[in-house]
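**Student:** Before anything else, here's the structure in question.
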Amino acid sequence: MSGAGRQAFDVAVIGAGAAGMMAASVAGQRGLRVVLVDHAQRLAEKIRISGGGRCNFTNIGTTPAQFISQNPDFCRSALAGYTPRDFIDLVERHGIAWHEKHRGQLFCDDSSEAIIQMLRRECDAGRVSWRMPCQVLGVDKGPGHFSIATDGEPIEAAQVVMATGGMAIPQLGATDFALKLARQFGLKVVEPRPALVPLTFDAEQWKPFGALSGVSLEVSVSCGQGKRKTVFLEDLLFTHRGLSGPAILQISSYWNPGEAIALDLAPGQDLAQALLAAKPGNRQQLDTALAAIWPKRLAEQWLATAPGQPGAMRMADIPDKTLRALAQRIHGWSLVPSGTAGYRKAEVMRGGVDTRGLDQKTMQARAVPGLYFIGEAVDVTGWLGGYNFQWAWASGVACGRAL
Ligand code: FDA
């Protein structure tokens with residue numbers, strides 16, 4: 001990509017991912033001289049791998065309720081200013097075919113590469129200059145401008161947009177640079193953690209369930225108590241190290257170390273009533289009976305871990321009390337994960353730059369005029385399902401319009 005020499009710019013956008021390209025294109029098309037800087041060899045790797053290569057680029061059901069933040073109202077203004085419909089219009093103007101897959105999630109028909117090229121063309125339309133690959137080493141504020149130290153030529157810009165994302169997937173070049181810079185300028189940071197991530201268990205604790213690896217079923221999963229209780233109805237996947245699948249990725253964003261998660265392995269059913277009704281004169285083994293509603297492997301292996309190992313018993317011989325207790329355990333299986341699979345397996349980072357130090361309409365740091373934070377670097381974390389990109393677009397546009 002072309003070098004930008006020693007020129008000074010109106011705006012330097014650091015990080016050419018989803019939010020950075022959006023902000024740069026909007027600002028550039030408003031006539032500002034914008035430079036976009038990224039240390040990656042390939043442009044927008046996270047967009048490329050997203051949605052299994054088809055980029056779940058938004059969710060038509062987006063509301064502030066699908067975002068986690070210590071300041072839940074912060075995202076309202078940006079989300080209202082740039083909606084999923086606005087992004088769909090952009091996608092359609094570029095002739096990109098899309099489809100709705102599941103629960104409002106929109107994907108490209110062909111490849112996520114189409115979204116990257118679309119954003120590239122939008123940046124070209126705004127005459128955005130590129131520095132890539134170019135690592136930003138530091139940012140300092142002087143009188144009337146920022147000085148940006150890089151592993152190449154330094155850059156000067158009147159305003160700086162931090163769009164370096166979160167720490168998920170460091171193997172693709174993710175860094176905590178935005179958080180370091182925020183702290184350097186005196187901004188607070190909400191403790192970052194891996195989110196939308198598989199949950200893991202101690203090897204000894206998980207031994208009995210290791211044989212279930214690959215089994216998948218719809219569950220209801222919850223964590224927290226009272227007003228803090230959060231519930232998702234989604235698919236669960238057993239793995240060698242623990243639990244994954246959409247249900248677990250979703251709840252992982254709410255889970256705190258040491259807390260239990262509760263799984264209902266037969267959501268929407270009254271299992272106690274069903275088992276007691278099916279019991280009289282029933283010569284079937286319990287695991288065979290349960291295989292009518294569960295994957296067979298789950299019925300056999302999971303029951304082998306239940307107290308008294310009732311799986312091999314004939315239905316008619318099992319005391320009512322045992323059946324009731326079993327149903328209760330199936331509807332409320334409580335587990336305490338030992339941790340998460342970490343940033344290497346996480347889709348996003350939760351936490352980030354504390355939004356209480358940012359202006360919700362512009363994303364500008366209140367205490368540092370000219371410095372902006374957008375996208376995943378900010379303490380706004382979406383659910384699984386296209387919400388994180390919608391936040392990246394919306395916060396990028398809010399900032400791009402305000403620069
Ligand atoms: P993003 O990570 O996109 O961009 C940050 C950029 O900054 C990178 O290009 C990086 O190289 C650069 N950078 C970092 N440090 C730097 C430095 N010091 N100097 C220069 N450059 C630097 N979301 C969704 O809504 N739908 C989906 O389908 C998916 N799927 C998905 C799959 C997988 C496997 C992952 C890991 C994530 C997703 N996501 C997703 C989440 C989504 O990808 C994510 O939230 C957005 O890409 C965040 O956009 P940002 O622009 O904030 O950061």
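**Student:** Residues in the range 380-392: is at least one in a strand (DSSP E or B) and either within 12 Å of the ligand (Cβ to nearest atom) or touching a residue at least 12 places away in the same chain (Cβ under 8 Å) (or both)? If you could, list the steps in order and put the result at the bottom.
**Tutor:** From the range 380-392, those in a strand (DSSP E or B) are 381-382; that's our starting set.
This time we only want the ones that are either within 12 Å of the ligand (Cβ to nearest atom) or touching a residue at least 12 places away in the same chain (Cβ under 8 Å) (or both), so: 381-382.
Checked against the condition, which is being in a strand (DSSP E or B) and either within 12 Å of the ligand (Cβ to nearest atom) or touching a residue at least 12 places away in the same chain (Cβ under 8 Å) (or both), the range 380-392 yields at least one hit.
**Student:** Would the range 320-343 turn up any residue that is within 11 Å of the ligand (Cβ to nearest atom), touching a strand residue (DSSP E or B) at 6+ places or on another chain (Cβ under 8 Å) and either within 28 Å of Gly258 (Cα to Cα) or open to solvent by less than 10 Å² (accessible area, probe 1.4 Å) (or both)? Reasoning before the result, please.
**Tutor:** From the range 320-343, those within 11 Å of the ligand (Cβ to nearest atom) are 343; that's our starting set.
In the following step, the residues that additionally are touching a strand residue (DSSP E or B) at 6+ places or on another chain (Cβ under 8 Å) were identified as 343.
Next, from what is left, pick out any that are either within 28 Å of Gly258 (Cα to Cα) or open to solvent by less than 10 Å² (accessible area, probe 1.4 Å) (or both): 343.
There is at least one residue in the range 320-343 that is within 11 Å of the ligand (Cβ to nearest atom), touching a strand residue (DSSP E or B) at 6+ places or on another chain (Cβ under 8 Å) and either within 28 Å of Gly258 (Cα to Cα) or open to solvent by less than 10 Å² (accessible area, probe 1.4 Å) (or both).
**Student:** Between a residue in the range 304-321 that is of a type in the set (S, T, N, Q) and any residue that is open to solvent by less than 30 Å² (accessible area, probe 1.4 Å), which pairs come within a Cβ distance under 8 Å, given they are 6 or more apart or on different chains?
**Tutor:** Listed by first residue and then by second, the contacts come to Thr305/Phe209; Gln309/Leu303.
**Student:** Continuing with the same structure: Only residues in the range 21-35 that are under 14 Å from Phe9 (Cα atoms) count as the first member; pair them with residues that are modelled with pLDDT of 95 or more and small (Gly, Ala, Ser), Cβ under 6 angstrom, at least 6 apart or cross-chain, and list the lot.
**Tutor:** Matching pairs, first to second residue: Ala27/Gly400; Gly28/Gly126; Val34/Ala24; Val34/Ala27; Val34/Gly28; Val35/Ala12; Val35/Ser129.
**Student:** Follow-up question, since we're still on this one. Residues in the range 107-126 that are out of contact with any Ser or Thr (no Cβ under 9 Å at 6 or more places or on another chain) and within 21 Å of Gly370 (Cα to Cα): how many?
**Tutor:** Here the count works out to 0.
**Student:** Would you be able to tell me the number of residues in the range 50-83 that are within 11 Å of the ligand (Cβ to nearest atom) and either of a type outside the set (Gly, Ala, Ser) or surrounded by 14 or more Cβ atoms within 10 Å (Cβ to Cβ) (or both)? Quick ask: steps written out before the conclusion?
**Tutor:** Within the range 50-83, the first condition is being within 11 Å of the ligand (Cβ to nearest atom), and the residues that meet it are 50-59, 62, 66.
Then drop every residue that is not either of a type outside the set (Gly, Ala, Ser) or surrounded by 14 or more Cβ atoms within 10 Å (Cβ to Cβ) (or both), which leaves 50-51, 54-59, 62, 66.
Number satisfying all stated conditions: 10.
**Student:** Something else about it: In the range 33-49, how many are open to solvent by 20 Å² or more (accessible area, probe 1.4 Å), in contact with a helix residue (DSSP H, G or I) (Cβ under 8 Å, 6 or more places away or on another chain) and either hydroxyl-bearing (Ser, Thr, Tyr) or more than 8 Å from the ligand (Cβ to nearest atom) (or both)?
**Tutor:** 2
**Student:** Separate question: From the list Leu276, Leu271, Leu298, which residue is over 20 Å from the mean Cα position of the chain (by Cα), farther than 17 Å from Ile318 by Cβ and among the aliphatic types (A, V, I, L, M)?
**Tutor:** Sole residue among the options that is over 20 Å from the mean Cα position of the chain (by Cα), farther than 17 Å from Ile318 by Cβ and among the aliphatic types (A, V, I, L, M): Leu298.
**Student:** Can I ask one more? For the range 95-110, which positions are touching a Cys at 6+ places or on another chain (Cβ under 8 Å) and not aromatic (Phe, Trp, Tyr)?
**Tutor:** If we filter the range 95-110 for residues that are touching a Cys at 6+ places or on another chain (Cβ under 8 Å), which is where we start, we get 96-98, 107-108.
Within the range 95-110, Ile96, Ala97, Cys108 meet the criteria.
**Student:** Restricting attention to the range 347-379, which residues are assigned to a loop (DSSP other than H, G, I, E, B) and more than 9 Å from the ligand (Cβ to nearest atom)?
**Tutor:** The answer is Asp354, Asp359, Gln360, Lys361, Thr362, Met363, Arg366, Ala367, Val368, Pro369, Gly370, Asp379.
The values are calculated or read from the model by the stated rules, or taken from the named source; none is laboratory data. This is a predicted model, so every value here is computed, not measured. Note that we place each Cβ from the backbone using ideal geometry, even for glycine, and neighbour counts take in every protein chain shown. Keep in mind that these areas ignore ligands, DNA and RNA; they rest on the heavy atoms of the full protein, side chains included. Shrake-Rupley method; radii C 1.70, N 1.55, O 1.52, S 1.80 Å.
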